[in-house]
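In what follows, a single structure is set out as structure tokens and then discussed.
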Amino acid sequence: MVARILLLEDDPAIAHTLCFALEREGFAVEHKSWLHEARSSLAASPPDLALLDLGLPDGNGLDLCRELRQQGSRLPLLILSARAEEWDRVLGLELGADDYLAKPFSPRELVARVRALLRRAGPAQTKQAAGFVLEADGLQVRFRGQVLPLTRRELGLLRHLLAAPSRIHSREALLDAVWGQSAESLDRTVDTHIKTLRAKLRAAAPELDPIRTHRGLGYSIELS
């Protein structure tokens with residue numbers, strides 16, 4: 001249901017910031033710090049997009065970029081690098097990268113680039129699960145064939161719930177993921193948005209109520 005992103009970045013602080021920014025926008029992120037870890041992850045379960053740092057403890061992100069293209073992979077690749085020289089950008093693109101983002105950059109710009117690459121990847125990147133269809137850019141959801149008229153927060157809540165079906169998400173976790181804060185005074189905000197989200201799902205499919213309330217614990221979504 002949710003676009004999966006592989007982040008190859010050896011700086012813990014940068015990786016934490018990028019994971020937070022992407023997960024807050026509804027993407028599922030797998031972080032690796034070593035080139036060999038990324039190779040293993042790609043072989044085991046290919047993501048929808050990969051973010052590649054260049055300078056790594058055991059190699060260079062460009063090596064992985066070259067390998068993937070030589071293998072015929074069409075996986076969208078976005079290089080992240082502190083090297084801002086024209087030659088570095090040209091080399092990365094010539095080796096098969098789809099985009100190149102020089103550090104420092106804002107998380108907002110990264111999210112915009114990721115969405116653009118997923119849109120460019122085409123319909124194959126659209127995610128579907130149990131009546132839900134999430135478009136590749138993550139900005140529109142259809143349920144039982146109907147586009148849901150969701151606000152930004154409702155969309156964020158739905159994407160977060162769909163990222164881990166059946167898992168119980170606490171109000172604090174939902175606040176942190178969707179609003180970026182966990183103040184207890186805002187607990188009712190989650191309840192209010194869940195209520196309106198439920199109403200919109202029922203309007204599209206009156207016989208269904210996929211969101212479950214777990215008293216004292218939080219919320220989950222069931223796809224069966």
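The values are calculated or read from the model by the stated rules, or taken from the named source; none is laboratory data. Keep in mind the model is a prediction, meaning the values are calculated, not measured. Virtual Cβ from ideal backbone geometry, glycine too; neighbours counted across all protein chains shown. To get the accessible areas, we keep the full protein, side chains included, count just its heavy atoms, and leave off ligands, DNA and RNA. Shrake-Rupley method; radii C 1.70, N 1.55, O 1.52, S 1.80 Å.
Averaged per residue, what accessible area in Å² does the chain show with a 1.4 Å probe, protein chains only?
Numbers: 11050 Å² over 224 residues.
About 49 Å² of surface per residue is accessible.
Under 5 Å between amide H atoms, partner at least 5 residues away or on a different chain: which partners does Val29 have, H built in plane at 1.01 Å?
Here the answer is Ile5, since their amide H atoms fall under 5 Å of that of Val29.
Compute the acute angle (0 to 90°) between the alpha-carbon long axis of helix 107-121 and the principal axis of greatest extent of the alpha-carbon atoms of the chain; round to the nearest 10°.
Approximately 90 degrees, to the nearest ten.
In the chain, what percent of the accessible surface is made up of carbon and sulfur (1.4 Å probe, ligands and nucleic acids excluded)?
On the way: 5470 of 11050 Å².
Answer for the chain is 50 percent, counting heavy atoms of protein chains only.
Identify which of Leu93, Leu117, Leu51 has the largest mean-square fluctuation in a Gaussian network model of the chain, with springs joining Cα atoms closer than 10 Å.
Leu93
Given 0.36 nm per residue, what is the gain on full extension from Arg202 to Glu109 after removing their alpha carbon distance, in nm?
On the way: separation 93, 0.36 × 93 = 33.48 nm, distance 3.48 nm.
Difference between extended and current length: 30.0 nm.
Label points 7 Å out from Cα along the Cβ direction at Val133 and Thr192: separation in nm?
About 3.3 nm, to one decimal.
If each of Arg74 and Ala44 carries a label point 7 Å out from its Cα toward its Cβ, how far apart are those two points in nm?
Those two pseudo-labels are separated by 2.7 nm.
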